[in-house]
1. Restricting attention to the stretch B:49-60, does a residue exist that is surrounded by 24 or more Cβ atoms within 10 Å (Cβ to Cβ), under 23 Å from C:Thr92 (Cβ atoms) and touching a helix residue (DSSP H, G or I) at 6+ places or on another chain (Cβ under 8 Å)?
2. Would you please name the residue that is farthest from the other protein chains (Cβ to nearest Cβ), looking only at residues in the stretch B:54-97 that are over 22 Å from B:Thr18 (Cα atoms) and among the β-branched types (Val, Ile, Thr)?
3. Can you spot a residue in the stretch B:141-153 that is outside any helix (DSSP H, G or I), of a type in the set (Asp, Glu) and surrounded by fewer than 24 Cβ atoms within 10 Å (Cβ to Cβ)?
4. Among the listed residues D:Val123, D:Val56, D:Val47, which satisfies the condition of being in contact with a strand residue (DSSP E or B) (Cβ under 6 Å, 6 or more places away or on another chain), β-branched (Val, Ile, Thr) and touching a residue at least 24 places away in the same chain (Cβ under 8 Å)?
5. Sort out which residues of the stretch B:118-144 are of a type in the set (Ser, Thr, Tyr) and over 24 Å from A:Tyr144 (Cα atoms), and write them in order of number.
6. Considering only residues that are among the polar types (S, T, N, Q) and over 20 Å from C:Arg101 (Cα atoms), look in the stretch C:14-48 and name the one that is surrounded by the most Cβ atoms within 10 Å (Cβ to Cβ).
7. Regarding A:Leu109, is this residue at the interface with another protein chain (Cβ under 10 Å from one of its Cβ atoms), surrounded by fewer than 22 Cβ atoms within 10 Å (Cβ to Cβ) and farther than 23 Å from B:Val123 by Cβ?
Number of protein chains: 4
Amino acid sequence: MTPLRSPYPMRLSPADVTALIEEHFPQVHDGTGRLVIETLTDGQAFVRMHADLAMVRPGGTVSGPAMFKLADFAVYVAILGHLGGAGLQAVTTSMTMNFLRRPAPADMLARARLIKVGRRLAVADVELYAEGRADMVAHTTGTYALPPAELVGGI
Amino acid sequence: MTPLRSPYPMRLSPADVTALIEEHFPQVHDGTGRLVIETLTDGQAFVRMHADLAMVRPGGTVSGPAMFKLADFAVYVAILGHLGGAGLQAVTTSMTMNFLRRPAPADMLARARLIKVGRRLAVADVELYAEGRADMVAHTTGTYALPPAELVGGI
Amino acid sequence: MTPLRSPYPMRLSPADVTALIEEHFPQVHDGTGRLVIETLTDGQAFVRMHADLAMVRPGGTVSGPAMFKLADFAVYVAILGHLGGAGLQAVTTSMTMNFLRRPAPADMLARARLIKVGRRLAVADVELYAEGRADMVAHTTGTYALPPAELVGGI
Amino acid sequence: MTPLRSPYPMRLSPADVTALIEEHFPQVHDGTGRLVIETLTDGQAFVRMHADLAMVRPGGTVSGPAMFKLADFAVYVAILGHLGGAGLQAVTTSMTMNFLRRPAPADMLARARLIKVGRRLAVADVELYAEGRADMVAHTTGTYALPPAELVGGI
């Protein structure tokens, strides 16, 4: 039932997207562990947030704002990978997070999947995992306002 | 990254779940096309809503309430399949729907996946498709309050 | 803290909006009780869904799809009241519902409030009540794609 | 239509809740501006997040994770104020945020309102504002799992 091939292939490599982010958005790593793009495949970004004391909450679990940031960043990476530099102007318009389990502090992994990229809006879902644990830790759906089509170019 | 095997296997067959629903909830088919369970696999229910004039909106697209009903029903089926009859007392506590594309009237298909079944709450995501169209039509996340554990039995 | 006056005054009366809906969208009343606009005030629409057997669920409560429909309709009324006829082309893009209490079948009341009307997107929250009961029954937030500005006219 | 009096009065004062938080959760202020409870009234908490460079995003706006943190904190304060110390064990289970406008960096203000406090779950909505600006900046709905009733005492 799921299409065999995402209609949203990646035009940029992880290194390309990393370069765009380091140029325009270098402070993204502040306040949590470093964010690293692991892979970009058709319609999907897979991102790691390195464990860091700043993201630990009382009870020894990962803070909600850190998970929010990772999910938001992973979608942004997927949009950049698909749209190229024009995607830098994408803006988060909504985010729904379901917190499923309370992970012990560890590297956090996010898999963002583009489920729609329209003329004005992109929609993605994100699964969050903790390194070394099979169960999903949080599930997110986000919507993003896209820049006007004339900036996006040949998409 | 996704676990190879869902931690939420199905204990009931589609015929078992259909029998429970027809006994306790026969009016579910009213007001839209008939709802039919296609498959139940580990952690997932795949359900069809037959096309029906009552679910068509102006402009010739499928109504939001019909999509809401299908998504909600598909999760309910997954919960029943996993928990057995005790799941009849599950109650929808929240639902987030993203409407992605406006399908022409057709059979609608829902794939509900259980992403958490805890002691008190179940969480699922649902992808909605229209027959004959590859793109996802709507994406849903729902949360359900479960009956007390002593009713659920050996889960 | 809340602004004393909504930035989204109503340009149409309840009778005007009712006429638009009856002309373009008469089947909205099918499958639930009749929908009636009670008041339109700055940024707000107050709508009643008359009790009807079709919206009763097992256990004698109001069905989720009926509540979805009422909430969605109430926002649509608010958008029409504020934008005028151009608002007919508004399309629901997302809806988050929290179900708080299970009301006995009764007239349902919705108060939709516009919290943003931008160039491309409107956002509203909706409180649902059951006639004769003080507690809120459900809470909803919805987003709507608006028609292009040139159609909306002097807004 | 809104009940004249919230069914969720505050049992603790702002100073009481502040003392609980400073004892159990002192690191909450890290990474953003200081969080201060302004008022607690029936069913509502009003909280300020002082402006801080760490919460500024490129383009000179307030970061999404900072807004998430403020909204989540404001609900937590409302739950503590209503339930007392037993509320310390409340856990965020879901959060839906709509980002409405991009505020220039400033103190951020949150008004959290309890719309349901059940035996197992609390639901709240939150309006976020920027100091000196009338329009709402973001709107949030959150759900929280509550500790078992025997810990909550005379509620």
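1. Here is the first cut: in the stretch B:49-60, the residues surrounded by 24 or more Cβ atoms within 10 Å (Cβ to Cβ) are B:49.
Subsequent filtering for residues that are under 23 Å from C:Thr92 (Cβ atoms) retains B:49.
Filter again for touching a helix residue (DSSP H, G or I) at 6+ places or on another chain (Cβ under 8 Å), leaving B:49.
Within the stretch B:49-60 (the criterion being surrounded by 24 or more Cβ atoms within 10 Å (Cβ to Cβ), under 23 Å from C:Thr92 (Cβ atoms) and touching a helix residue (DSSP H, G or I) at 6+ places or on another chain (Cβ under 8 Å)), the answer is yes, since at least one residue qualifies.
2. Restricting to residues being over 22 Å from B:Thr18 (Cα atoms) and among the β-branched types (Val, Ile, Thr), the top hit is B:Val62.
3. As a first pass, look at the stretch B:141-153 and keep what is outside any helix (DSSP H, G or I): B:141-148, B:153.
Going one step further and asking which of them are of a type in the set (Asp, Glu), we end up with none.
No; the residues of the stretch B:141-153 include none that is outside any helix (DSSP H, G or I), of a type in the set (Asp, Glu) and surrounded by fewer than 24 Cβ atoms within 10 Å (Cβ to Cβ).
4. Working: D:Val123 fails: touching a residue at least 24 places away in the same chain (Cβ under 8 Å); D:Val56 fails: in contact with a strand residue (DSSP E or B) (Cβ under 6 Å, 6 or more places away or on another chain).
From the options D:Val123, D:Val56, D:Val47, the qualifying one is D:Val47.
5. Going through the stretch B:118-144, the residues of a type in the set (Ser, Thr, Tyr) turn out to be B:129, B:140-141, B:143-144.
Passing the criteria: only B:Tyr144.
6. C:Gln44
7. On the way: at the interface with another protein chain (Cβ under 10 Å from one of its Cβ atoms): yes; surrounded by fewer than 22 Cβ atoms within 10 Å (Cβ to Cβ): yes; farther than 23 Å from B:Val123 by Cβ: no.
It is false that A:Leu109 is at the interface with another protein chain (Cβ under 10 Å from one of its Cβ atoms), surrounded by fewer than 22 Cβ atoms within 10 Å (Cβ to Cβ) and farther than 23 Å from B:Val123 by Cβ.
Each row is one residue, and each column tells you yes or no for (1) over 16 Å from the mean Cα position of the chain (by Cα); (2) hydroxyl-bearing (Ser, Thr, Tyr); (3) modelled with pLDDT of 95 or more.
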residue: D:Arg120; (1), (2), (3): yes, no, no
residue: D:Leu128; (1), (2), (3): no, no, yes
residue: D:Arg133; (1), (2), (3): yes, no, no
residue: D:Met136; (1), (2), (3): no, no, yes
residue: D:His139; (1), (2), (3): no, no, yes
residue: D:Tyr144; (1), (2), (3): no, yes, yes
residue: D:Ala149; (1), (2), (3): yes, no, no
residue: D:Gly153; (1), (2), (3): yes, no, no
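The values are calculated or read from the model by the stated rules, or taken from the named source; none is laboratory data. Predicted model, so just to flag it, every value in this text is computed and none were measured. Quick reminder, even Gly has a Cβ in these numbers, built from the backbone with ideal geometry, and neighbours come from all protein chains shown.
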